[in-house]
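Trainee: Input: one structure, supplied below.
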Amino acid sequence: MTHVSLKVNGREVSRDVEPRTLLVELLRRDLNLTGTHVGCDTSQCGCCVVHVDGVGTKSCTMLAVQADGKAITTIEGLAAVAEADGRAEDGLHPVQAAFRQHHGLQCGFCTPGMIMSAADLLSRNADPTEHEVREWLEGNLCRCTGYHNIVKAIMAAGATMRGAATPRAAE
Amino acid sequence: MYAFDYAKPASLDEAARLLADDPEAKALAGGQTYIPTLKQRLAQPTRLVDLAGIPDLATIKEEGDGLAVGAMTTHKAVAASPVVQRAFPELAYLASLIGDPAVRAMGTIGGSVANNDPAADYPVVVLTLDATVRTTKGEHRGSDFFPGMFETALEPDELIREFHIPVPEAAAWEKFRNPASRYALVSVLLVRTKDGEIRCGVGGAGPTCFRATAIEDALRSSFAPEALDGVTIDAGDLNEDIHATAAYRAHLIPVLAKRCVRRMLRR
Ligand SMILES: Cc1cc2nc3c(=O)[nH]c(=O)nc-3n(C[C@H](O)[C@H](O)[C@H](O)COP(=O)(O)OP(=O)(O)OC[C@H]3O[C@@H](n4cnc5c(N)ncnc54)[C@H](O)[C@@H]3O)c2cc1C
Ligand code: FES
Ligand code: FES
């Protein structure tokens with residue numbers, strides 16, 4: 001067993017873990033944060049993306065021991081980040097609110113990873129082109145939506161975050 | 001995953017010592033190749049030696065005629081580095097096309113070169129520019145570093161410290177991406193070195209990266225896309241899998257090389 005101390009959604013967490021424990025296993029199994037999903041075995045789908053020190057990372061491809069000393073934000077903690085910045089809408093992060101408004105999901109399985117990846121992009125560049133959004137989502141697979149409304153939602157969230165008028169909702 | 005122990009040494013020499021003491025121990029860099037390998041139970045190390053706690057391994061500096069890039073430098077850091085963007089913009093572009101943003105945030109140049117996946121991108125750079133690979137045991141030349149598929153000149157307990165990458169006079173990188181995995185089906189790095197030599201490195205196509213000498217010869221006599229019209233590459237030694245036949249890969253090599261020539265002429 002190896003001891004790890006990290007911050008998850010603002011809360012200090014200390015645990016003894018087997019070194020082979022994945023970060024996503026620590027989150028889902030030990031901390032009951034089941035919003036982070038596992039969609040593949042090959043590090044390709046992006047359902048498991050969380051922020052590690054603010055950077056989008058596949059939690060299925062990181063060991064819990066590698067996250068020692070780091071600050072993790074999961075989908076459960078994203079709204080609180082927006083609250084702290086005074087950007088929350090209805091208790092949601094602007095990206096979450098935009099996914100709801102623009103129907104950026106169908107079954108919802110890929111959605112936590114999509115939203116965490118999108119929030120990472122928009123925190124660096126709140127005014128991406130559609131092409132940049134699509135390129136950014138290379139590591140996030142959705143089997144339902146065809147990406148159209150996902151991209152629309154992210155563009156709209158960018159507009160909200162930089163204080164521009166929100167484009168109309170998808171038909 | 002099989003169980004293993006974990007160590008996070010504070011220096012590269014200590015890491016090398018841990019590997020020398022236990023032949024079944026293995027280094028861990030960004031984990032973007034090795035953790036998927038462990039998850040599939042394709043490896044069973046006794047211990048992972050995490051290089052992330054070692055200071056000064058993630059640096060990028062100009063050095064003489066090239067760039068010194070530390071082994072733990074992430075793909076993301078290379079892509080975003082103002083030094084790389086100014087001195088060798090095609091290298092920043094190459095890094096920006098590796099995998100996806102999350103892979104680029106964790107994956108490192110040292111891990112990519114040490115792993116030598118036939119479809120990996122950095123080995124093509126190290127081979128084509130004959131970069132120097134500085135390790136815990138000395139130095140290797142990039143031209144002798146990749147003997148075969150997933151093989152390198154490294155000893156099991158030898159760790160890469162940094163690369164010295166000579167900056168070419170001009171360069172173009174063309175990567176024909178598999179639309180699902182984003183790995184190269186075929187990639188071509190065409191360069192004109194500071195001495196005026198034309199070199200053409202190929203990735204993704206064979207068991208390991210190689211120089212396409214037929215293309216280099218044709219472009220030496222005339223640096224124009226048409227010079228490659230009659231040039232063919234033998235498919236005999238190339239990879240064949242569910243994604244592409246060997247013949248298709250052979251066909252793509254001069255096609256991508258032509259695109260490189262056009263881009264270099266336009267600049
Ligand atoms: C979805 C996905 C897409 C990808 N797409 C691409 C792509 O398009 N192009 C591409 O080139 N790569 C791609 N990769 C691979 C990625 O670039 C990896 O980051 C890289 O191959 C390995 O780097 P790492 O730091 O993650 O190494 P690790 O996975 O930690 O280690 C890989 C191997 O290198 C050894 N090693 C690591 N560091 C050192 C060192 N300093 N000295 C000696 N040995 C060392 C380890 O022991 C291990 O055997 C992709 C990966 C994924 C998951
Ligand atoms: S579950 Fe992590 S990439 Fe698929
Ligand atoms: S909404 Fe179903 S996988 Fe994306």
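The values are calculated or read from the model by the stated rules, or taken from the named source; none is laboratory data. This one's a predicted model, so the numbers in the text were calculated from it and none came from an experiment. Note that each Cβ is placed from the backbone with ideal geometry, even for glycine, and that neighbours are counted across all protein chains shown.
Trainee: Could we say that B:Tyr6 is assigned to a loop (DSSP other than H, G, I, E, B) and among the hydroxyl-bearing types (Ser, Thr, Tyr) here? Lay out the reasoning, then the answer.
Mentor: Values: assigned to a loop (DSSP other than H, G, I, E, B): no; among the hydroxyl-bearing types (Ser, Thr, Tyr): yes.
Criteria not met by B:Tyr6.
Trainee: If you don't mind, another one. Test A:Cys40 against the criterion of being within 14 Å of ligand 2 (Cβ to nearest atom) and within 11 Å of chain B (Cβ to nearest Cβ), and give yes or no. Break it down stepwise before answering.
Mentor: Working: within 14 Å of ligand 2 (Cβ to nearest atom): yes; within 11 Å of chain B (Cβ to nearest Cβ): yes.
Yes.
Trainee: Related question: Pick from B:Ala184, B:Ala180: which is crowded, with 18+ Cβ neighbours inside 10 Å and assigned by TED's automatic domain parsing to the domain that holds B:Thr245?
Mentor: On the way: B:Ala180 fails: crowded, with 18+ Cβ neighbours inside 10 Å.
Testing whether each residue is crowded, with 18+ Cβ neighbours inside 10 Å and assigned by TED's automatic domain parsing to the domain that holds B:Thr245 leaves just B:Ala184.
Trainee: Keeping to the range A:32-41, report how many residues are touching a helix residue (DSSP H, G or I) at 6+ places or on another chain (Cβ under 7 Å) and within 16 Å of ligand 3 (Cβ to nearest atom). Walk me through it before giving the result.
Mentor: Narrowing the range A:32-41 to residues touching a helix residue (DSSP H, G or I) at 6+ places or on another chain (Cβ under 7 Å): A:33-38, A:41.
Subset that is within 16 Å of ligand 3 (Cβ to nearest atom): A:35-38.
Total meeting the criteria: 4.
Trainee: Return the residues of the range B:34-51 that are under 20 Å from the mean Cα position of the chain (by Cα), at the interface with chain A (Cβ under 10 Å from one of its Cβ atoms) and surrounded by 19 or more Cβ atoms within 10 Å (Cβ to Cβ); say none if nothing qualifies.
Mentor: Selection gives B:Tyr34, B:Ile35.
Trainee: I'm trying to understand the selection: among the residues of the range A:10-30, which are in contact with a strand residue (DSSP E or B) (Cβ under 6 Å, 6 or more places away or on another chain) and in a loop (DSSP other than H, G, I, E, B)?
Mentor: Once the filter is applied, which keeps residues that are in contact with a strand residue (DSSP E or B) (Cβ under 6 Å, 6 or more places away or on another chain) and in a loop (DSSP other than H, G, I, E, B), the range A:10-30 yields only A:Pro19.
Trainee: Based on what the data block shows, is A:Gly56 within 16 Å of ligand 1 (Cβ to nearest atom), at pLDDT 95 or above and outside the structural domain of A:Ser43 (by TED's automatic domain parsing)? It would help to see each step written out before you state the result.
Mentor: Details: within 16 Å of ligand 1 (Cβ to nearest atom): yes; at pLDDT 95 or above: yes; outside the structural domain of A:Ser43 (by TED's automatic domain parsing): no.
So A:Gly56 fails the test.
Trainee: With the requirement that a residue be surrounded by fewer than 19 Cβ atoms within 10 Å (Cβ to Cβ) and assigned to a helix (DSSP H, G or I), what does the range A:128-137 give you?
Mentor: Hits for the range A:128-137 are A:Glu130, A:His131, A:Glu132, A:Arg134, A:Glu135.
Trainee: Which of the helices (runs of 4 or more DSSP H) contained wholly in the range B:63-130 include at least 2 residues that are within 16 Å of ligand 2 (Cβ to nearest atom), within 29 Å of A:His51 (Cβ to Cβ) and within 14 Å of chain A (Cβ to nearest Cβ)?
Mentor: Working: elements: B:75-80, B:82-87, B:89-96, B:101-106, B:109-115, B:122-128.
Helices (runs of 4 or more DSSP H) meeting the threshold: B:101-106.
Trainee: Residues of the range B:13-33 being under 15 Å from B:Ile160 (Cβ atoms), over 21 Å from the mean Cα position of the chain (by Cα) and buried (at least 16 other Cβ atoms within 10 Å of the Cβ), which ones?
Mentor: Within the range B:13-33, B:Ala15, B:Ala16, B:Leu19 meet the criteria.
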